[in-house]
Amino acid sequence: AKRNGKLPKAVIAVNLYGQSAKMDEIVSLCDAYGVPVIEDAAESLGTVYKGKQSGTFGRFGIFSFNGNKIITTSGGGMLVSDDEAGIEKARFLASQAREPAVHYQHSEIGHNYRLSNILAGVGIAQLEVLDERVEKRRAIFTRYKNALGHIDGVRFMPEYAAGVSNRWLTTLTLDNGLNPYDTVQRLAEENIEARPLWKPLHTQPLFAPSLFYSHEGNGSICEDLFKRGICLPSGSNLTEEEQDRVIDVLAHLFQTAEVKKWTASIR
Ligand SMILES: Cc1ncc(COP(=O)(O)O)c(C=O)c1O
């Protein structure tokens with residue numbers, strides 16, 4: 001990009017499913033080129049990377065308080081930075097770029113992106129239970145892994161050694177002849193909501209014209225994960241009984257797949 005005279009304005013690193021990206025490597029590479037890093041920590045609130053809270057490594061960090069997040073204000077989010085001027089500018093743009101004049105003066109396009117005081121109050125109250133929520137999500141992950149992790153061809157997302165993931169969603173890859181769509185469909189038949197892993201952005205029709213750089217030599221890792229991975233129900237209010245129901249359906253499905261694979265191999 002530098003050779004072509006087109007360095008990006010910013011790099012947005014996204015911490016998926018609660019796991020922090022390798023921020024040291026990303027930040028030092030971007031620093032070398034003078035490109036600011038924005039850390040999308042929407043899914044990783046409460047995650048720790050090398051002893052420090054996720055979302056505090058880039059020039060800006062963003063958090064989401066959408067309904068499905070680890071704490072929620074029903075909608076909205078939070079921008080963090082120690083760049084005071086940057087935060088002030090964001091506040092200005094999020095408040096319709098309204099200039100200090102009694103007659104509503106605008107020289108720039110702004111947005112109506114404020115979080116109301118009421119929702120902020122709900123968010124602050126929930127910060128008190130953040131550690132509990134992280135513990136709950138981690139316990140959900142461990143329970144799934146203990147019940148299903150030994151099955152051939154099932155691999156739960158490993159945890160980065162220098163971090164503690166909030167395990168926002170329990171994710172796993174399947175290498176047992178089952179594809180994510182059939183697995184999600186089978187769970188849906190039991191009234192259990194699961195999803196494939198997120199579709200890689202460069203495969204979204206909207207971004208078809210955009211540049212995409214794949215991992216050198218190994219093909220696209222995210223496309224490979226998308227073909228093999230699923231997210232399991234992981235809400236903090238999931239009861240053990242509900243989780244057992246998910247485990248029973250999956251154990252049955254995985255065992256059937258294993259038997260099929262085994263019989264195919266001896267034919
Ligand atoms: C990684 C990531 N970034 C951004 C968002 C968007 O956040 P919001 O829904 O608060 O706009 C989400 C989820 O909603 C997300 O998971």
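I'm trying to understand the selection: among the residues of segment 18-68, which are near the ligand (Cβ under 9 Å from one of its atoms) and under 19 Å from Tyr160 (Cβ atoms)?
In the first step, residues of segment 18-68 are kept if they are near the ligand (Cβ under 9 Å from one of its atoms); the result is 40-44, 62-68.
Hits for segment 18-68 are Asp40, Ala41, Ala42, Glu43, Ser44.
Look at (1) modelled with pLDDT under 95; (2) loosely packed, with under 15 Cβ neighbours inside 10 Å; (3) not in a loop (DSSP other than H, G, I, E, B) and you find that Gly121 fails only one, number (1).
Out of Ile109, Ile71, one residue alone is in a loop (DSSP other than H, G, I, E, B), away from the ligand (no atom under 11 Å from the Cβ) and more than 30 Å from Arg133 (Cα to Cα). It is Ile109.
Within segment 31-41, can you find the residues that are part of a loop (DSSP other than H, G, I, E, B) and within 12 Å of the chain's Cα centre (by Cα)? Steps first, answer last, please.
Here is the first cut: in segment 31-41, the residues part of a loop (DSSP other than H, G, I, E, B) are 34-36, 41.
Within segment 31-41, Ala41 is the sole residue that qualifies.
Checking Ser28, Ser44 one by one, the residue that is assigned to a loop (DSSP other than H, G, I, E, B) and either without any contact (Cβ under 8 Å) to a residue 60 or more places away in the chain or out of contact with any strand residue (DSSP E or B) (no Cβ under 6 Å at 6 or more places or on another chain) (or both) is Ser44 and no other. In the set Val154, Val102, Val134, Val80, only one residue is out of contact with any helix residue (DSSP H, G or I) (no Cβ under 6 Å at 6 or more places or on another chain), outside the structural domain of Phe57 (by TED's automatic domain parsing) and β-branched (Val, Ile, Thr); that residue is Val134. Restricting attention to segment 1-25, the residues that are surrounded by 14 or more Cβ atoms within 10 Å (Cβ to Cβ) and not in a loop (DSSP other than H, G, I, E, B) add up to 7. When segment 76-95 is filtered for residues that are surrounded by 12 or more Cβ atoms within 10 Å (Cβ to Cβ) and either within 15 Å of the ligand (Cβ to nearest atom) or assigned to a loop (DSSP other than H, G, I, E, B) (or both), the ones remaining, listed by number, are Gly76, Gly77, Met78, Leu79, Val80, Ser81, Asp83, Ala90, Ala94.
The residues in segment 158-182 that are of a type outside the set (Gly, Ala, Ser), out of contact with any Gly (no Cβ under 8 Å at 6 or more places or on another chain), farther than 14 Å from Pro196 by Cα and crowded, with 18+ Cβ neighbours inside 10 Å can be counted, and the count is 1.
Counting just the residues of segment 132-157 that are in a helix (DSSP H, G or I) and among the aromatic types (Phe, Trp, Tyr), which one comes out farthest from the chain's Cα centre (by Cα)? Talk me through it step by step, then tell me what you get.
So in segment 132-157, the residues in a helix (DSSP H, G or I) come out as 132-148.
Filter again for among the aromatic types (Phe, Trp, Tyr), leaving 141, 144.
Values: Phe141: 15, Tyr144: 19 Å.
Once the filter is applied, the top-ranked residue is Tyr144.
The single residue among Phe207, Phe212, Phe226 that is buried (at least 16 other Cβ atoms within 10 Å of the Cβ) and out of contact with any strand residue (DSSP E or B) (no Cβ under 6 Å at 6 or more places or on another chain) turns out to be Phe226.
Looking across segment 229-242 at every residue that is outside any loop (DSSP other than H, G, I, E, B) and crowded, with 16+ Cβ neighbours inside 10 Å, the one that is nearest to the chain's Cα centre (by Cα) is identified as Cys231.
The values are calculated or read from the model by the stated rules, or taken from the named source; none is laboratory data. This one's a predicted model, so the numbers in the text were calculated from it and none came from an experiment. Please note: Cβ atoms are built from the backbone with ideal geometry, for glycine as well, and neighbour counts cover all protein chains shown.
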